[in-house]
Amino acid sequence: MGILVKQVSKRYGSTIALREVNLFFEKDRIYGLYGEMGSGKSTLLKAIAGLIDCDAGFIELSSRKNELSFLDQDKGLYNELTVIENLQFWKGVYKKNAREIKEVVQIFEMSRILSKRVSELSAGNQQMVALATALLNKFKVLILDEPTVSLDVKTKQCFYGFLKKNQGDSIIIMSSHNIEEIMTVCTDLIQMEYGKILSTRELR
Ligand SMILES: Nc1ncnc2c1ncn2[C@@H]1O[C@H](COP(=O)(O)OP(=O)(O)O)[C@@H](O)[C@H]1O
Ligand SMILES: [Mg+2]
């Protein structure tokens, strides 16, 4: 299994968000997508997740739809529902492919916030819940757009630990504008600039 991105371009009006991007992603790797704001990271991740169409080129992805987990930069939580209700909703979406809710609750040691409404949580805790909903899937492909933004150090460590344990036979792609984080957590670094791939490098 792999993901092939071939000559992919995308524009929004006069803005070119992706310029002839070519990449190949393999399983058992954690890819870190690094670039300044506006360099095209979110557009690329959404295109791989199948959430937007490209103007040119194509993306080949062999996993089934419910084997792909995507964490949007805009979180995608139901703010008026409680944390546990959000987790139950996503468990329903992933169906047979879902983990037990208690597994993700354990990853982040988040049992004390389960009955709170998402709207009452701090930005960091909202991000943690959003991340937990993405990890609720026994994914083959995990795509995370800036997963650690506003997380505290302890929650980041819980997340990194989960990734190391679950790298297994899945493809993990995460974006970050923190290069140190990518150097620590990822096996591969992909640098973007102005919608282009500047470089790709195996880190380990
Ligand atoms: N929905 C959209 N409509 C118009 N322009 C967009 C849209 N999404 C992204 N862009 C533009 O495309 C470029 C790449 O954006 P994005 O992929 O969000 O970059 P990054 O995630 O690296 O910050 C930016 O110039 C941004 O303003
Ligand atoms: Mg972005």
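The values are calculated or read from the model by the stated rules, or taken from the named source; none is laboratory data. As the structure is a computational prediction, the values presented were derived from the model and not from experiment. For neighbour counting, all protein chains shown are included, and Cβ atoms are generated from backbone atoms with ideal geometry for every residue, glycine included.
Residues of region 100-122 include none that is out of contact with any Phe, Trp or Tyr (no Cβ under 6 Å at 6 or more places or on another chain), in contact (Cβ under 8 Å) with a residue 60 or more places away in the chain and either closer than 21 Å to residue 74 by Cβ or of a type in the set (Gly, Ala, Ser) (or both). Only a single item in (1) loosely packed, with under 14 Cβ neighbours inside 10 Å; (2) in contact with an Asp or Glu (Cβ under 7 Å, 6 or more places away or on another chain) is not met by residue 79, and it is number (2).
Within this structure, residue 32 fails the test of being more than 16 Å from ligand 2 (Cβ to nearest atom) and of a type outside the set (Lys, Arg).
Yes or no, residue by residue, for (1) closer than 25 Å to residue 165 by Cα; (2) modelled with pLDDT of 95 or more:
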residue: 19; (1), (2): no, yes
residue: 34; (1), (2): yes, yes
residue: 39; (1), (2): no, yes
residue: 45; (1), (2): yes, yes
residue: 75; (1), (2): yes, no
residue: 80; (1), (2): no, yes
residue: 88; (1), (2): yes, yes
residue: 99; (1), (2): yes, yes
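Among the candidates 48, 52, the residue that is among the β-branched types (Val, Ile, Thr), within 16 Å of ligand 2 (Cβ to nearest atom) and touching a helix residue (DSSP H, G or I) at 6+ places or on another chain (Cβ under 6 Å) is uniquely 52. Taken together, the residues in region 177-197 that are more than 18 Å from residue 47 (Cβ to Cβ) and either in contact (Cβ under 8 Å) with a residue 12 or more places away in the chain or surrounded by 21 or more Cβ atoms within 10 Å (Cβ to Cβ) (or both) amount to 12.
Applying the criterion of being surrounded by fewer than 20 Cβ atoms within 10 Å (Cβ to Cβ) and of a type in the set (Val, Ile, Thr) to the residues of region 114-167, the residue that is farthest from the chain's Cα centre (by Cα) is 153. Only one of 2, 40, 13 is within 13 Å of ligand 1 (Cβ to nearest atom) and in contact (Cβ under 8 Å) with a residue 60 or more places away in the chain. Can you tell me which? Selected residue: 40, the only one of 2, 40, 13 that is within 13 Å of ligand 1 (Cβ to nearest atom) and in contact (Cβ under 8 Å) with a residue 60 or more places away in the chain. Looking across region 115-173, the residues that are part of a loop (DSSP other than H, G, I, E, B) and over 27 Å from residue 4 (Cα atoms) come down to 115, 116, 121, 122, 149, 150, 151, 152. Residues of region 46-95 that are of a type in the set (Phe, Trp, Tyr) and within 16 Å of ligand 1 (Cβ to nearest atom): 70 alone. If you filter region 55-74 down to residues that are within 15 Å of the chain's Cα centre (by Cα) and surrounded by 16 or more Cβ atoms within 10 Å (Cβ to Cβ), you find that the one that is nearest to ligand 2 (Cβ to nearest atom) is 73. If you go through region 148-164 one residue at a time, do you hit one that is farther than 23 Å from residue 99 by Cα and either within 16 Å of ligand 2 (Cβ to nearest atom) or touching a Lys or Arg at 6+ places or on another chain (Cβ under 9 Å) (or both)? Scanning region 148-164 turns up at least one residue that is farther than 23 Å from residue 99 by Cα and either within 16 Å of ligand 2 (Cβ to nearest atom) or touching a Lys or Arg at 6+ places or on another chain (Cβ under 9 Å) (or both).
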